[in-house]
Amino acid sequence: MKYVLFVLFFMCSPGFAATSFKMTKESGTTNFLAIGNPSAIRIDGKGEGPEGTLLAQEKGENWIVSGDLRVNLKNTDTGIALRDRHMKEKYLEVGKFENATLTVNDLTVPKNAVTKESETKLPFTGTLDLHGIKKPVQGEFVVKSSKEGLKMTASFQLKLSDFGIVIPSFAGITVADQVEVNTASTVERLQ
C-alpha cells in the first residue's frame with residue numbers, strides 16, 4: 001500500500017532521483033473479513049493502519065518502489081471481547097507474533113500512471129510475514145491523488161493454514177480458511 005502511495009507522491013515531485021515516504025498507524029486503518037461456516041456469519045475485524053517506509057527510485061520511464069508495511073495485531077478488534085481474546089491468544093498468538101509485515105520489492109510504477117485528481121490501480125506481488133511464516137501474496141494497490149494529498153489502499157487475500165494458523169472454531173461455527181485483508185492510509189513524504 002505504502003509503495004503505491006509513495007510512488008504517486010514521488011511522481012508528482014519531479015526532479016528527485018530517489019525519495020522516501022512513510023505511513024503511520026494513526027493515518028489509516030486495516031480491516032479483515034472472515035466468513036463463518038455454517039451460518040455464513042461475517043467476522044469484520046478492524047485495526048490500526050500500516051506503518052513503515054517506502055523508497056522510490058527513478059528508472060527510465062518508471063518508479064521502482066520497495067519497502068515494508070507493518071500492522072500491530074495486538075490492536076485488532078472484532079467487536080466481541082471473547083472472540084477478540086481467542087483470536088489474539090489462541091490463533092494469532094500475538095504474544096509471540098505481534099506484527100504482520102508486508103514486504104514489497106521492485107514494484108514498477110509507470111511515471112505517467114498517476115496524475116493529479118486521479119485514481120490508479122496497480123497489481124502487486126509481495127511477501128507477507130504472519131505468525132512467524134513468510135509467504136508470497138498478490139493483491140492490488142489503489143492510489144488516489146487529490147488536492148488534499150495522497151491516499152492509498154491495498155487489498156489481498158490469505159489462507160490462514162498457509163501461515164500455520166489453526167482454523168478458528170467455536171460453538172459449532174468454523175471460520176473459512178480464506179481471509180480478505182484491506183488497508184487504507186495517507187502517506188507523508190520524508191525530507
Next item on the list: Residues being surrounded by 16 or more Cβ atoms within 10 Å (Cβ to Cβ) and among the small types (Gly, Ala, Ser): count how many of those fall in the range 83-98.
Entry: 0
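How many of the residues making up the range 32-45 are open to solvent by less than 50 Å² (accessible area, probe 1.4 Å) and either modelled with pLDDT of 90 or more or within 13 Å of the chain's Cα centre (by Cα) (or both)? First the steps, then the outcome.
Here is the first cut: in the range 32-45, the ones open to solvent by less than 50 Å² (accessible area, probe 1.4 Å) are 32-34, 36, 43, 45.
Narrowing further to those that are either modelled with pLDDT of 90 or more or within 13 Å of the chain's Cα centre (by Cα) (or both): 32-34, 43, 45.
Total meeting the criteria: 5.
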Item checked: Glu61 vs. criteria open to solvent by 70 Å² or more (accessible area, probe 1.4 Å) and either more than 20 Å from the chain's Cα centre (by Cα) or free of Cβ contacts under 8 Å to residues at least 12 places away in the same chain (or both) -> yes
Checklist line | Condition broken by Gly164, with the remaining ones in (1) open to solvent by less than 40 Å² (accessible area, probe 1.4 Å); (2) of a type in the set (Gly, Ala, Ser); (3) closer than 28 Å to Gly95 by Cβ satisfied | finding: (1)
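The values are calculated or read from the model by the stated rules, or taken from the named source; none is laboratory data. Values in this document were obtained by computation on a predicted structure and should not be read as measured data. All Cβ positions, glycine included, derive from the backbone under ideal geometry; neighbour counts span all protein chains shown. These area figures cover heavy atoms from the full protein model, side chains too; ligands, DNA and RNA do not enter into them. Shrake-Rupley method; radii C 1.70, N 1.55, O 1.52, S 1.80 Å.
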